[in-house]
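J.: Structure incoming, see below.
The values are calculated or read from the model by the stated rules, or taken from the named source; none is laboratory data. Note that the coordinates shown come from a computational prediction; the quantities given were computed from them, not determined experimentally. Backbone-built Cβ (ideal geometry, glycine too); neighbour counts: all protein chains shown. Just so you know, the surface numbers come from the protein's heavy atoms only, side chains and all, with ligands and any DNA or RNA stripped out. Shrake-Rupley method; radii C 1.70, N 1.55, O 1.52, S 1.80 Å.
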Amino acid sequence: MEKNIIIIGVSGNQENFDYSMTELKELAFANQLKVVGEIRQNLAKAHVATYVGKGKLTEIINLAVELEVDTIVTNDELTPTQLRNLEAQLELTVIDRTRLILAIFAERAQSKEAKLQVEIAQLNYEMPRLRTDQGTTLDQQGGGSGLNNRGSGEKQIELDRRTIKNQIKRLNLELESITKEQQTRRHKRQKNQIPLVSLVGYTNAGKSTTMNQLLQHFHSQEAKTVFEKDMLFATLDTSVREIVLPDRKKFLLSDTVGFVSKLPHQLVKAFRSTLEETKQADLLIHVVDYSDPNYQLMMDTTDKTLAEIGILDIPVILAYNKADLIPEISYPTYEDNHFIYSARDEKSLSMLVEIIKSTIFKEYTKATFLIPYNQTQYVAYLNEKAAVESEEYLDNGTKIVAEVGPIDLNKLAMFHVDSD
């Protein structure tokens with residue numbers, strides 16, 4: 001059952017304040033909250049003690065009484081002082097944007113890694129917000145409730161903080177173990193020289209849909225689809241699937257957690273290990289919801305977040321998805337790394353694959369090999385791994401013309417001959 005709430009926001013110097021308030025409603029909806037009222041204040045910056053000014057506090061109280069609402073959600077992360085003062089003066093439950101996003105992530109996390117990352121982020125958020133007037137909230141995090149009512153409030157806070165720090169340390173050790181396993185898999189993949197293409201972008205832009213449609217398009221042997229739904233943060237875990245093309249070239253396609261404006265720094269830090277996969281990519285496909293009038297803001301947010309986690313200097317294709325929702329747009333089209341498409345359109349998928357191929361396989365060359373009959377394992381290898389154009393049986397061996405990458409060209413250098 002949805003809970004009714006009021007959202008409040010201070011404009012500050014935010015250029016995109018209107019959009020951030022609209023997005024706050026979507027975040028609330030994603031967390032089973034129904035926005036029934038909204039109050040905005042035009043201030044150069046948020047009030048240092050109460051976020052909004054004194055007059056707005058009265059307005060919020062009156063609206064809450066009128067609408068019979070007991071919960072307020074703010075458009076920004078509150079300082080511990082602002083949170084404490086707001087709840088005291090309003091006598092209402094106050095949730096800030098960061099806590100709202102953390103709650104969504106906690107609900108959507110599926111894998112062990114994602115759950116650990118979210119819990120670490122939540123603990124880092126909660127630690128500076130512990131209070132002397134209420135016991136620790138650690139019982140919600142899996143421990144700590146036995147520390148209540150032990151000594152003075154100040155001593156209690158110190159005990160709670162120490163408990164949280166120990167929990168974070170323990171969780172980070174667990175996460176580190178998982179990260180090492182992932183690094184081992186990445187090193188193995190890099191050794192095999194299989195290119196990695198990573199889908200990145202704003203939440204709900206269509207990354208998972210693009211991935212699933214590509215898997216179905218090629219009837220991939222690893223065609224286990226990833227979860228997709230028309231909602232914010234449907235996917236938190238990085239999913240990697242292998243795609244084998246008709247010419248036997250193969251690449252790995254990864255789908256990552258989506259971004260959002262004002263993404264809490266606790267989450268960016270916690271999910272850094274997940275996004276390590278993206279840092280190893282040979283190509284980024286930046287998926288954009290072209291049908292959203294605020295798509296440029298979403299692109300800017302994605303670019304800033306990628307830069308924050310150190311994802312730089314990787315070739316990028318800007319993929320403008322959902323063109324089918326824009327009547328005046330023709331698609332698919334591609335020019336200067338700008339690709340306009342619909343993830344549910346076969347022609348779009350075919351063009352996208354050609355774009356990917358021209359980028360990650362540009363070092364592939366057509367070569368001629370003459371393989372002696374006592375080395376037939378290399379004939380089988382080429383037929384399995386490469387796009388064989390022709391195969392001819394001569395007196396001194398099998399002549400094969402095939403398109404191969406630099407690794408295989410070097411591996412088969414002893415059989416390489418000039419083409420006629």
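J.: Between residue 335 and residue 129, 0.36 nm times their residue separation minus their Cα-Cα distance comes to what? Walk me through the numbers before you get to the answer.
T.: Working: separation 206, 0.36 × 206 = 74.16 nm, distance 5.00 nm.
This chain segment gains 69.2 nm when fully extended.
J.: Restricting everything to alpha-carbon atoms, can you work out Rg to Rh for the range 342-420 with a Kirkwood hydrodynamic radius? Working shown, then result.
T.: On the way: Rg = 15.6 Å, Rh = 14.0 Å.
Result for the range 342-420 is an Rg/Rh of 1.12.
J.: Let me ask another. Provide, for the range 3-95, the number of lysine pairs with alpha carbons under 18 Å apart, each pair being eight or more places apart or on different chains.
T.: Taking the Cα cut-off of 18 Å, the pair count is 5.
J.: Have a look at 17, 110, 376 and report the one farthest towards the positive end of the charge dipole of the chain, computed about the Cα centre with Cβ charges (Lys/Arg +1, Asp/Glu -1).
T.: 110
J.: Take every Cα pair under 8 Å in the range 365-417 that's 6+ residues apart, average their separations, divide by the length, and report that relative contact order as a whole percent. Each step should come with its number before you reach the end.
T.: Values: 78 pairs, mean separation 25.9, N = 53.
After rounding, I find 49 percent.
J.: Sticking with this one: Relative to the longest principal axis of the C-alpha atoms of the chain, give the angle of the C-alpha long axis of helix 295-308, reported between 0 and 90° and rounded to the nearest 10°.
T.: Once rounded, one gets 80 degrees.
J.: Continuing with this model, one more query. Per q in 0.11, 0.16, 0.25 Å⁻¹, report the Debye log10 I(q)/I(0) for the range 3-95, using one uniform scatterer on each alpha carbon and no solvent.
T.: With one equal scatterer per Cα and no solvent, log10 I(q)/I(0) is -0.27, -0.59, -1.46.
J.: Quote the FRET efficiency, to the nearest 0.05, computed for residue 390 versus residue 304 with a Förster distance R0 of 45 Å and r equal to the Cβ-Cβ distance. Intermediate results must be reported in sequence, preceding the final value.
T.: On the way: r = 50 Å, r/R0 = 1.12.
Efficiency for this residue pair is about 0.35.
J.: Right, another one. DSSP loop GluC sites (Glu not before Pro) in the range 277-372 with at most 10 other Cβ atoms within 10 Å of their Cβ, which ones?
T.: Values: sites: 277, 308, 328, 335, 346, 354, 363; in loops: 328, 363.
Taking the range 277-372 and a limit of 10 other Cβ atoms within 10 Å, the loop GluC sites (Glu not before Pro) found are 328, 363.
J.: Still on this structure, please answer the following. Please state the shape class of the range 251-310: rounded when a/c is under 1.5, otherwise prolate if a/b exceeds b/c and oblate if not, all from the C-alpha gyration tensor.
T.: Details: a/c = 2.17, a/b = 1.17, b/c = 1.85.
Since a/c reaches 1.5 but b/c is at least a/b, the shape of the range 251-310 is classed as oblate.
J.: Mind sorting out which of [x] 94, 55, 36; [y] 63, 53, 36; [z] 90, 61, 45 is the real Cα extents along the principal axes in Å computed from the coordinates?
T.: Label of the calculated value: [x].
J.: Here's something else I'd like to know. Using heavy-atom solvent-accessible surface (probe 1.4 Å) with all chains present, what is the largest-first order of 170, 40, 344?
T.: Values: 170 110, 40 90, 344 155 Å².
Correct descending sequence by accessible area is 344, 170, 40.
J.: Right, something else. Put +1 on the Cβ of every Lys and Arg and -1 on every Asp and Glu Cβ in the chain; which of 410, 79, 216 then has its Cα farthest towards the positive end of the dipole?
T.: 79
J.: Identify the chymotrypsin sites (Phe, Trp or Tyr not before Pro) of the range 360-420 meeting these criteria: DSSP loop state and at most 13 other C-beta atoms within 10 Å of the C-beta.
T.: On the way: sites: 361, 364, 369, 373, 378, 381, 393, 415; in loops: 361, 364.
Sites meeting the loop and neighbour criteria: none at all.
J.: How much mean residue ellipticity at 222 nm does the chain get from its helices, if each DSSP H run of length 4 or more adds -39500 (n - 2.57) and you divide by all residues, to the nearest 500 deg cm²/dmol? Each step should come with its number before you reach the end.
T.: Numbers: 13 runs with 171 residues, N = 420.
Helix-only estimate at 222 nm: -13000 deg cm²/dmol.
J.: Cross-link partners among lysines for residue 249, C-alpha distance below 19 Å, same-chain residues fewer than 8 apart left out?
T.: Filter leaves 188, 191, 357, 362, 366, 385, 411.
J.: When the accessible area of the chain is computed with all protein chains present and a 1.4 Å probe, what percentage of it is carbon and sulfur?
T.: Numbers: 10020 of 21090 Å².
Whole-percent figure for carbon plus sulfur exposure: 47.
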